[in-house]
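Report on the structure given below.
The values are calculated or read from the model by the stated rules, or taken from the named source; none is laboratory data. Quantities reported herein were computed from a predicted structural model and do not represent experimental measurements. Because the Cβ atoms are built from the backbone with ideal geometry, glycine has one as well, and the counts that use them run over all protein chains shown. Just so you know, the surface numbers come from the protein's heavy atoms only, side chains and all, with ligands and any DNA or RNA stripped out. Shrake-Rupley method; radii C 1.70, N 1.55, O 1.52, S 1.80 Å.
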Amino acid sequence: MELDEITPLLWQATGETAVMVGWATLFTVLLGLPLGVALVALDKDGLRPMPALKGAIGVVVNVGRSLPFLVLMIALIPFTRVVVGSSIGTEAMVVPLTVGAVPFFARLVETALREVGRDVVQAAQAMGTGKLAIIRKVLLPEAFPGLVAGLTVTVVALIGYSAMAGVIGGGGLGDLAKRYGYERFETGVMVAVVIVLIIVVQLIQSLGDHVARRLSHK
Amino acid sequence: MIEASGLRKLYGQTVALDGVDLAVRQGEIFGVLGQSGAGKSTLLRCVNLLERPDSGTVTVAGRELTKLGERELNQARQRIGMVHQHFALLASRTVAGNVAFPLEVMGVGRRERDQRVAELLELVGLGGRGKDHPRQLSGGQKQRVGIARALAGRPEVLLSDEATSALDPGTTESILGLLKSLNRELGLTILLITHEMNVVKSICDSVAIMENGRIRESGGIGELIRTPGSRLTREIFPLPEPAAGHITLTFTGHPEEPVISEVVRKFDVDVNILGGAIEELAAGSVGRLRVDLAGGERDNALTYLRERGLLVEVAG
Ligand SMILES: Nc1ncnc2c1ncn2[C@@H]1O[C@H](COP(=O)(O)OP(=O)(O)OP(=O)(O)O)[C@@H](O)[C@H]1O
Ligand SMILES: [Mg+2]
């Protein structure tokens, strides 16, 4: 295939990947951030100790983390069908991508929040700060550079997952690589996909690092 | 101003506080001294209930904190400032943002907040540094921010856990000077923890010495110095253990007359001076002298010294 044939294919596939990863990232943050906060706040020496609940959340998160994405995706097909009405296509893939990334991101949020010094939290408590205000005004802002770094890693992981999702029928770059590179031995397409992926991941990582560094006042 | 009674706190098997009573009067600077692990920090953290004592009560400015619910406790805490050893500033905020933090928590409006922050930074000598980030400041400047933040809620009481022990001697002195002037000018009651004798000497009116979760002695410095066998006096004047018969004299203020030569003349004794020093304390100047008295009317000489207001301790 010539380059001018490959280019539109690449654009379309990259767009599909961006849509899948974009939505999945949004839902992952919306679900994973509170979960990560809960893992820290409910800890036995956290803001609101509820070790049993924390333990339960931890188990769920670990189960999510221990399933390979491919297995998770297949196992979730019935669930995806209920939520989206279909189990294939770009939209449908957002469901397994989100479910796969939430536990991953939640753990990264937990780690970032634990980096916030105990002394700062206690200083806030000594000033009469309520629990929610401590989360909002101390934990999250202080951990922000770490959260951005965690988000970067998560987006990169999601791009990886999305390629796998593509193989099952989700479209995007993985799907393109499978159809042309694997089934038709179009080495040109394969190489192009690899190059696009490398560039995209590099860009995201650099952007993430840059933002994290700008925000860090350590 | 601060009253604690019967405080007990266990950490597993460790007894951190073993029945502590504490009374800090309005307007004084009260120092808590003690070895590492004596329970000083635990005591301080019990005063604003960062740590809940297992038993005992804490009353600050007439409110019994140990009885309050979470919301009321948070309100009470807004009137109790706290300064931390490692400053505990928010790296994500500017200097001004750090000082504004407690005001935000208290719900003070934007304009009043900005004005108050500017005043506070001026007060601690950091006017114009509001836009900087804490990492751009020296240790002493960070602690000044910590103090400004602690004062934001116009507290009646300031708690300080080793506020100067991360600082060099010169900076320590300037921070102590600041604390002292806040005490004098705002009538702020200060409860501070330290392991530096120097801090006690230069600013404290009263002290408590802790050991193994208990207060071994406490009271006004002048009063403790006049108490025989006082540990505080021994800490201030590190003289070697006296041999039997050696005499230790402690006197406050500068004696008008040369008491020692008088004793030699009047009672025909030989005086051998073994050691001693004079210290200028916030509570006045205090001297301590280790001597050996021999011959003549030794007992009468000692009685005379006692009558002249010196504390006379004879090693047995
Ligand atoms: N959170 C905690 N968990 C377990 N043990 C603790 C805790 N805090 C303090 N302790 C123990 O309680 C005792 C008193 O500790 P505390 O921190 O009050 O001592 P301190 O006098 O402040 O010592 P330092 O001068 O080293 O700061 C120590 O034996 C310490 O190990
Ligand atoms: Mg301590």
Open item on the list: Tell me the relative contact order for segment A:3-216 as a rounded percent, counting alpha carbon contacts under 8 Å between residues six or more apart.
Closed with: 27 percent
Open item on the list: Pairs on different chains or at least eight residues apart, Cα atoms closer than 27 Å: how many lysine pairs in chain A fit?
Closed with: 7
- [ ] Specify which residue in the list B:L289, A:M20, B:L10 is farthest towards the positive end of the charge dipole of the protein assembly as shown, using unit charges on the beta carbon of Lys, Arg (+1) and Asp, Glu (-1), about the Cα centre.
- [x] A:M20
Open item on the list: Once you order the gyration tensor axes a ≥ b ≥ c over the Cα atoms, which shape class does the protein assembly as shown get: rounded for a/c under 1.5, otherwise prolate or oblate by comparing a/b with b/c?
Closed with: prolate
TODO: Amide H neighbours of B:R216 under 5 Å, at least 5 residues apart or on other chains, H built in the peptide plane: list them.
DONE: B:I209, B:M210, B:E211
Task: Peptides A:16-26, B:21-31, B:126-136 ordered by average Cβ neighbours within 10 Å, highest first - done: A:16-26, B:21-31, B:126-136
TODO: Per residue of B:74-87, count partner chain C-beta atoms within 10 Å of its C-beta, then hand back the mean as an integer.
DONE: 3
Open item on the list: Pairs on different chains or at least eight residues apart, Cα atoms closer than 30 Å: how many lysine pairs in chain B fit?
Closed with: 12
Task: Vicinal HN-Hα couplings computed from phi for segment B:268-279 (Karplus, 6.51 cos²θ - 1.76 cosθ + 1.60; Hz; Gly/Pro x) - done: 6, 10, 9, 10, 10, 7, 9, x, x, 6, 10, 10
- [ ] Count, for each residue of A:132-140, the Cβ atoms from other chains sitting within 10 Å of its Cβ, then give me the mean as a whole number.
- [x] 2
- [ ] Tally up the carbon and sulfur contribution to the accessible surface of segment B:2-220 as a whole percent, 1.4 Å probe, everything protein left in place.
- [x] 43 percent
Open item on the list: Show me you know the interface measure: the accessible area buried between B and A, both chains summed, probe 1.4 Å, in Å² to the nearest 100.
Closed with: 1900 Å²
TODO: Could you work out how far helix B:110-123 tilts from the main Cα principal axis of chain B, as a 0 to 90 degree angle to the nearest 10?
DONE: 30 degrees
Open item on the list: Tell me the angle of helix B:139-151 to the major Cα principal axis of chain B, expressed in degrees between 0 and 90 and rounded to the nearest ten.
Closed with: 70 degrees
Task: Degrees separating the helix A:187-215 axis from the principal Cα axis of chain A, which is the longest one - done: 20 degrees
Task: R0 of 56 Å, Cβ-Cβ distance B:Q26-A:L203: FRET efficiency to nearest 0.05 - done: 0.35
Task: Residues whose placed amide H lies under 5 Å from that of B:L281, excluding near-sequence neighbours - done: B:V286
Task: 3J(HN,Hα) from dihedral phi, segment B:33-38, Karplus parametrisation 6.51/-1.76/1.60, rounded to Hz, x for glycine, proline - done: 10, x, 5, 4, x, 6
TODO: Within a 10 angstrom radius of each residue's Cβ in B:89-95, how many Cβ atoms of other chains show up on average? Whole number is fine.
DONE: 6
- [ ] Could you rank the peptides B:195-201, B:236-242 by their average count of other C-beta atoms within 10 Å per residue, with the highest value first?
- [x] B:195-201, B:236-242
- [ ] Give the carbon-plus-sulfur fraction of the accessible surface of segment A:3-216 in %, rounded to a whole number; probe 1.4 Å, heavy atoms of protein chains only.
- [x] 70 percent
Task: Calculated [θ] (222 nm, deg cm²/dmol) that DSSP helices of n ≥ 4 give over chain B, each run adding -39,500 (n - 2.57) - done: -10000 deg cm²/dmol
Task: Per-residue HN-Hα couplings for segment B:302-311 [Karplus 6.51, -1.76, 1.60; θ = phi - 60°; Hz; x = Gly/Pro] - done: 5, 4, 4, 4, 5, 5, 7, x, 8, 8
- [ ] Name the most mobile residue of B:V117, B:V15, B:V47, meaning the one with the largest mean-square fluctuation, in a Gaussian network model of chain B with Cα contacts below 10 Å.
- [x] B:V15
- [ ] Over the protein assembly as shown, give the accessible area per residue in Å² for a 1.4 Å probe, as an integer.
- [x] 47 Å²
TODO: Between the chain alone and the structure with every protein chain in place, find the residues of segment A:174-218 that drop at least 10 Å² of accessible area; heavy atoms, 1.4 Å probe.
DONE: A:H217, A:K218
